[in-house]
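The values are calculated or read from the model by the stated rules, or taken from the named source; none is laboratory data. Note that this is a predicted model, so its numbers are computed, not measured. Positions of Cβ are backbone-derived with ideal geometry, glycine not excepted, and every protein chain shown enters the neighbour counts. Heavy atoms of the whole protein, side chains included, go into the accessibility calculation; ligands, DNA and RNA do not. Shrake-Rupley method; radii C 1.70, N 1.55, O 1.52, S 1.80 Å.
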Amino acid sequence: MQKAVEAALVEAMLRVKPRAVFGFATGSTPIALYRRLAERHRAGKVSFRDAASFNLDEYLGITPDNPQSYRAYMQREFFDQVDIDPANTHLPECPPGEDPQRIGPRYETMIRDAGGIDLQVLGIGHNGHIGFNEPSSSLVSRTRVKTLTPRTLEANSRLFEDGEYQPRLAITMGIATIMEARRILLLATGDAKATAVAGLVEGPVTAMCPASALQLHERVTVLLDEAAAAQLRYREYYDLANRENRALKDRFGDFYAAD
Ligand code: PGA
């Protein structure tokens with residue numbers, strides 16, 4: 001059910017704007033969304049032919065052909081499954097030998113030249129990170145090199161074989177970069193995310209929970225399963241508000257109608 005909702009939001013964007021610019025995320029959470037969109041593409045229901053994309057982040061120190069790279073993930077899980085033009089897909093990759101500190105400003109320019117991000121898909125880390133903006137990241141940060149926290153390395157170690165090289169650095173969009181997206185769709189599932197989700201929605205705005213910066217964004221949709229929603233104190237109110245909003249949208253049009 002949930003993946004159908006997520007996919008519908010992406011499809012609605014493409015209906016309004018076939019040349020939409022997406023911000024994509026990696027990790028376990030968005031895989032269901034990508035699979036659903038790939039199915040919808042195979043069924044002829046959605047096309048990314050004119051769309052473009054910018055991923056949130058990429059590891060430093062491994063090349064795109066390494067199966068652990070986020071480029072490889074995106075090709076495997078999504079780009080190769082739909083009709084997006086490979087030339088229009090971007091990750092903040094640092095070619096070997098190049099100064100990684102130069103990649104961020106260049107990536108920011110590319111996003112700006114593409115007209116900015118229309119819809120940014122986000123997951124959330126156990127520690128409240130978005131992209132690889134770890135706790136204590138500046139809330140006005142831009143695309144740059146980040147050192148991953150031990151907790152993030154531990155969470156992601158499940159994806160690496162024993163003895164396999166696990167990068168400790170990444171290049172990530174900053175929090176200000178993410179905040180410039182016109183719309184944001186944040187996905188979270190499972191009880192391991194419940195504390196971070198509560199910090200995102202109901203906690204103070206603080207660099208110690210980078211996702212809490214999204215409270216200052218005008219158009220964020222947060223889609224959760226029951227487990228990820230378990231620590232929300234205002235849960236009943238959100239359900240009530242969702243019902244009211246749905247009724248309004250049924251009468252007056254969908255998610256994007258106000259643009
Ligand atoms: P996950 O990662 O989807 O694999 O849980 C989310 C994140 O770390 O941002």
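Given their separation in residues at 0.36 nm each and the Cα-Cα distance between them, residue 165 and residue 245 gain 24.1 nm when the chain is fully extended. Toward the positive end of the charge dipole of the range 1-157, with +1 on the Cβ of Lys and Arg and -1 on the Cβ of Asp and Glu, the farthest Cα among 33, 147, 69 is that of 33.
Debye calculation, C-alpha points only, no solvent: report log10 I(q)/I(0) for the chain at q = 0.09, 0.10, 0.12, 0.17 Å⁻¹, in the same order as the q values. Here the Debye-derived log intensity ratios amount to -0.38, -0.48, -0.70, -1.49. Using a simple spin-label model with pseudo-atoms 7 Å out from Cα toward Cβ, residue 68 and residue 109 lie 3.2 nm apart. Across the range 185-193, coupling constants 3J(HN,Hα) worked out from phi with the 6.51/-1.76/1.60 Karplus curve, θ = phi - 60°, read 10, 9, 10, 8, 9, x, 5, 5, 9 Hz, and Gly and Pro carry x. If you plug the beta carbon distance of residue 237 and residue 35 into 1/(1 + (r/R0)^6) with R0 = 30 Å, you get a FRET efficiency near 0.40.
The loop-placed GluC sites (Glu not before Pro) in the range 139-195, going by DSSP, that have at most 14 neighbouring Cβ atoms within 10 Å of their Cβ come out as 161, 164. Report summary: the helix-based calculation at 222 nm, which adds -39500 (n - 2.57) for every DSSP H run with n ≥ 4 and divides by the residues of the chain, gives -10000 deg cm²/dmol. Under a 5 Å amide H cut-off, with hydrogens placed 1.01 Å from N, residue 24 pairs with 54, 55, 56, 121 among residues at least 5 apart or on other chains. For the range 1-105, run through the chymotrypsin sites (Phe, Trp or Tyr not before Pro) and keep only the ones in DSSP coil with at most 15 other Cβ atoms within 10 Å of their Cβ. Sites meeting the loop and neighbour criteria: none at all. The H on the amide N of residue 132, modeled in the peptide plane, is under 5 Å from the matching H of 173, each at least 5 residues off or on a different chain.
Using the Cβ of residue 238 as centre and a radius below 15 Å, the other residues enclosed give a net charge of -2, where K and R count +1 and D and E count -1. Semi-axes of the equivalent ellipsoid of the range 1-135 are 24, 17, 15 Å, computed as sqrt(5λ) over the eigenvalues of the C-alpha gyration tensor in descending order. Atom-type composition of the exposed protein surface of the range 2-252 places 51 percent of the accessible area on carbon and sulfur (1.4 angstrom probe).
Local charge for residue 184 was computed over the other residues whose Cβ lies under 13 Å away, with Lys and Arg +1 and Asp and Glu -1, and equals -1. The residues of the range 2-252 have, on average, 49 Å² of accessible surface per residue, using a 1.4 Å probe with all protein chains present.
Rounded, prolate or oblate: pick one for the range 210-259, where a ≥ b ≥ c are the square roots of the eigenvalues of its C-alpha gyration tensor, a/c under 1.5 means rounded, and failing that, prolate if a/b is larger than b/c, else oblate. Cα axes put the range 210-259 in the oblate bin. Maximal additional length on extending the residue 49-residue 153 stretch stands at 33.9 nm, based on 0.36 nm per residue less the C-alpha distance. The string of couplings for the range 113-129 from the Karplus curve (6.51, -1.76, 1.60, θ = phi - 60°) is 5, 7, x, x, 8, 7, 9, 9, 8, 10, x, 9, x, 4, 8, x, 6 Hz, one whole number per residue in order, with x for Gly and Pro. The chymotrypsin sites (Phe, Trp or Tyr not before Pro) of the range 210-259 that DSSP puts in a loop, and whose beta carbon has at most 15 other beta carbons within 10 Å, are 234.
For the range 160-189, no residue has its backbone nitrogen under 14 Å from a point 7 Å from the Cα of residue 215, taken along Cα to Cβ.
Dimensions of the range 59-146 along the principal axes, based on C-alpha atoms and rounded to the nearest Å, stand at 37, 32, 30, largest first.
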